[in-house]
Structure formats: C-alpha cells, structure tokens
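S.K.: What follows is a structure written as structure tokens; I'll ask about it next.
The values are calculated or read from the model by the stated rules, or taken from the named source; none is laboratory data. Given the structure is predicted, the values throughout are model-derived calculations rather than measurements. Methodologically, a virtual Cβ is constructed for each residue, glycine included, from the backbone with ideal geometry; neighbour enumeration extends over all protein chains shown.
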Amino acid sequence: MKICRTVEETRAAVAALKTGGKRLGFVPTMGALHDGHMSLVALAREVTDFVAVSIFVNPTQFGEDTDLQNYPRNEARDLAMLQEAGVDLVFLPEVETIYPPGHETIVETTRLANILHGAVRPGHFRGVTSVVTRLFNIVQPDVAVFGEKDYQQLQVIKRMVADLHMPVTILGGPTQREADGLAMSSRNARLNDADRAAAVVLHKALNAAADLAQTGISVAAIRALIEAIIASEPRASLKGLDTVTPDTLEPVEGPLTQPLAVMLSVQFSDILLIDQKVIQP
Ligand code: AMP
C-alpha cells in the first residue's frame, strides 16, 4: 500500500496504477474509519482495478472550530484497516497541501447546498464540494464512492460532477449498520450508554415509515408516524425530518405516488445523529 502526502507523489503513483487503461476507484474519508467506510472500499474494488482512499479532515466543511478540533483522529489504526482491506494508495495530505497559501477558489452547488442540512449548517456543503473537487483533481479517479448515509452530500456531489463535466462516475454505497440497526458513524463512540441504546429509534422510525408506505397514503401520515416514534423516546430530540424527492431533494406533499427520501436528524445529549431511507409506495 503506497502512502502519499503530496500532490506530486500522488499523481506519480496514480499514473503508475493507471497504465494500460487500468481503472482507479476512490473513497474520500475523514478517517476514524469503521465498517461503513470499508464497505465503500469493497464496492470500489468490485468495479475498478485499484482503489485509493484519502484521509483528510477538511476544515472548510466544519462550522465551529471546536467541532473540527474534537474530530476523532487515529492515523495508525486507519492505515492498518486500509492495508488489511488491500487498498492500493492512501492520500494523507496536510491542510496546506489541499489549500495552498493564497487559495480563493470555491465550488458550490447553489441550491442543493443551501437547503435541508445545508440550511442548518451554512457553508458545510460548499466546503464539501470545494474539497472533493480538489481531491478529484489530484487523485483523478474513474469511479468515486460515497455513502448513502450522507444522503444530501451524495446528491450534491452527483450534481456537481454533472454540472462541471467531471470525468468520474459517482456511486452511492448502502448504509452499514450495527447489529441493532444504528447507522455506523464515528460519532457513535461519543454517545453515553443510555443514548447509545436509545439511538436505535432512528432506524425504527424509518423502518416503520417504510412498512406503512403504500400508494396513496399521505406524506403527512408518514411524517406523523415518524414524529410519534421519535417522541416516544425521551432521550431523543427531533431536529430535522425532511420528506423529499430522492434526487433533487424537493419537498413532497399529498398522496405518496413516487419514491420518497426521508431524511432524519435526531439529537441525543449534544450529539446529532442522521439517518435516511428511500421508501417506495
Ligand atoms: P466521513 O469520513 O464521515 O466523511 O465519511 C466518508 C464516507 O463514508 C462518506 O461517503 C460517508 O457517507 C460514508 N459513510 C459514513 N458512514 C457510513 C455508513 N454507516 N455506511 C456506509 N457509508 C458510510
């Protein structure tokens, strides 16, 4: 496994891997790796010849500095996991490598970045598209894989790639879950025991919504069921419930006639968890 820290090293390593028309898959991460990340690596490996992973805690997508400072980092453990998974290249840049002195260029999806989670976290998706563009330009992957767990992020990236004619195919990977259904996340480790047990309520609510869904049922009824299930868990506080079209993320009302993306954010103590499901009528 080749470990690269500079743009030049990465470009040279990528050129060597891509000789003879070999295809490169890419999984961008912020480290603190878990089985969710590793499932994206496995998906990339299935569809390409070589796999690159980046580990970069991107400052421009964080709001408060404390969030950025508290982000878990464990390079040695991450590298061991990637080695074990047979990853070919790891890109581990410093902040100054990604954002050189004097940098001023941003990339933004103007509508998608500023609705739903983006309305609550101003600048977050602009940070994501600005870093992913830079990573794509350095790593030059043929395929890049993102988790469906960060559903709005996946749609933002797909829009950006289409709009800017980026020569990369974007794939979404299904959300990996703990045994009780909680979506894997590096934030889960920060939950206390009682909140950890209560956090299963997100998955429960989304599954109940999928079970209730049938053609003609109102979106309002689906929302009411989810709200009631979250309210039944005293440790949970509902922060966001969006019922939207799966690709453009526009609000859906009235009777259910087409697939509906349900995006849920729920807070436990000071930790915000997200989960999502596309439910079928
Ligand atoms: P992060 O390191 O949190 O930026 O995540 C890196 C990638 O892993 C993103 O594309 C996430 O959507 C994805 N990811 C995070 N959690 C999961 C999960 N539980 N299952 C699948 N993919 C995930």
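S.K.: Quick check on my filter: what residues within segment 8-38 are away from the ligand (no atom under 16 Å from the Cβ) and surrounded by 22 or more Cβ atoms within 10 Å (Cβ to Cβ)?
M.R.: To start, the set of residues in segment 8-38 that are away from the ligand (no atom under 16 Å from the Cβ) comprises 8-24.
Answer for segment 8-38, where residues must be away from the ligand (no atom under 16 Å from the Cβ) and surrounded by 22 or more Cβ atoms within 10 Å (Cβ to Cβ): 10, 14, 24.
S.K.: Within the group 49, 35, 78, which residue is closer than 22 Å to residue 171 by Cβ, among the acidic types (Asp, Glu) and over 20 Å from the mean Cα position of the chain (by Cα)? If you could, list the steps in order and put the result at the bottom.
M.R.: Numbers: 35 fails: over 20 Å from the mean Cα position of the chain (by Cα); 78 fails: over 20 Å from the mean Cα position of the chain (by Cα).
49 is the lone residue from the list that is closer than 22 Å to residue 171 by Cβ, among the acidic types (Asp, Glu) and over 20 Å from the mean Cα position of the chain (by Cα).
S.K.: Return the pairs, sorted by first residue and then second, in which the second residue is of a type in the set (S, T, N, Q) and within 8 Å of the ligand (Cβ to nearest atom), the first residue lies in segment 137-152 and is outside any strand (DSSP E or B), the beta carbons are less than 7 Å apart, and the residues are 6+ apart or on different chains.
M.R.: 148/175; 149/175
Residues are listed down the side, and each one gets a yes or a no for (1) without any contact (Cβ under 8 Å) to a residue 24 or more places away in the chain; (2) in a strand (DSSP E or B); (3) charged (D, E, K, R):
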residue: 203; (1), (2), (3): no, no, no
residue: 209; (1), (2), (3): no, no, no
residue: 216; (1), (2), (3): no, no, no
residue: 224; (1), (2), (3): yes, no, no
residue: 230; (1), (2), (3): no, no, no
residue: 240; (1), (2), (3): no, yes, no
residue: 248; (1), (2), (3): no, no, no
residue: 258; (1), (2), (3): yes, no, no
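S.K.: Please enumerate the residues belonging to segment 56-72 that are outside any helix (DSSP H, G or I) and exposed (fewer than 12 other Cβ atoms within 10 Å of the Cβ).
M.R.: 64
S.K.: Does at least one position in segment 134-144 carry a residue that is away from the ligand (no atom under 14 Å from the Cβ), modelled with pLDDT of 95 or more, in contact with a Lys or Arg (Cβ under 8 Å, 6 or more places away or on another chain) and β-branched (Val, Ile, Thr)?
M.R.: Yes; the residues of segment 134-144 include at least one that is away from the ligand (no atom under 14 Å from the Cβ), modelled with pLDDT of 95 or more, in contact with a Lys or Arg (Cβ under 8 Å, 6 or more places away or on another chain) and β-branched (Val, Ile, Thr).
S.K.: If you go through segment 162-192 one residue at a time, how many are in a loop (DSSP other than H, G, I, E, B) and either more than 7 Å from the ligand (Cβ to nearest atom) or small (Gly, Ala, Ser) (or both)? Steps first, please.
M.R.: From segment 162-192, those in a loop (DSSP other than H, G, I, E, B) are 164-168, 174-176, 178-182, 184-185, 191-192; that's our starting set.
Then drop every residue that is not either more than 7 Å from the ligand (Cβ to nearest atom) or small (Gly, Ala, Ser) (or both), which leaves 164-168, 178-182, 185, 191-192.
Summing the residues that are in a loop (DSSP other than H, G, I, E, B) and either more than 7 Å from the ligand (Cβ to nearest atom) or small (Gly, Ala, Ser) (or both) in segment 162-192 gives 13.
S.K.: Can you tell me which residue in segment 39-75 is farthest from residue 130 (Cα to Cα), limited to those that are β-branched (Val, Ile, Thr) and either touching a Ser or Thr at 6+ places or on another chain (Cβ under 9 Å) or within 13 Å of the ligand (Cβ to nearest atom) (or both)? I'd like the intermediate steps shown before the answer.
M.R.: Of all residues in segment 39-75, those β-branched (Val, Ile, Thr) come to 41, 47-48, 51, 53, 55, 57, 60, 66.
Now restrict to residues that are either touching a Ser or Thr at 6+ places or on another chain (Cβ under 9 Å) or within 13 Å of the ligand (Cβ to nearest atom) (or both): 41, 47, 53, 55, 57, 60.
Details: 41: 22, 47: 26, 53: 18, 55: 16, 57: 13, 60: 8 Å.
If we take residues in segment 39-75 being β-branched (Val, Ile, Thr) and either touching a Ser or Thr at 6+ places or on another chain (Cβ under 9 Å) or within 13 Å of the ligand (Cβ to nearest atom) (or both), then 47 is farthest from residue 130 (Cα to Cα).
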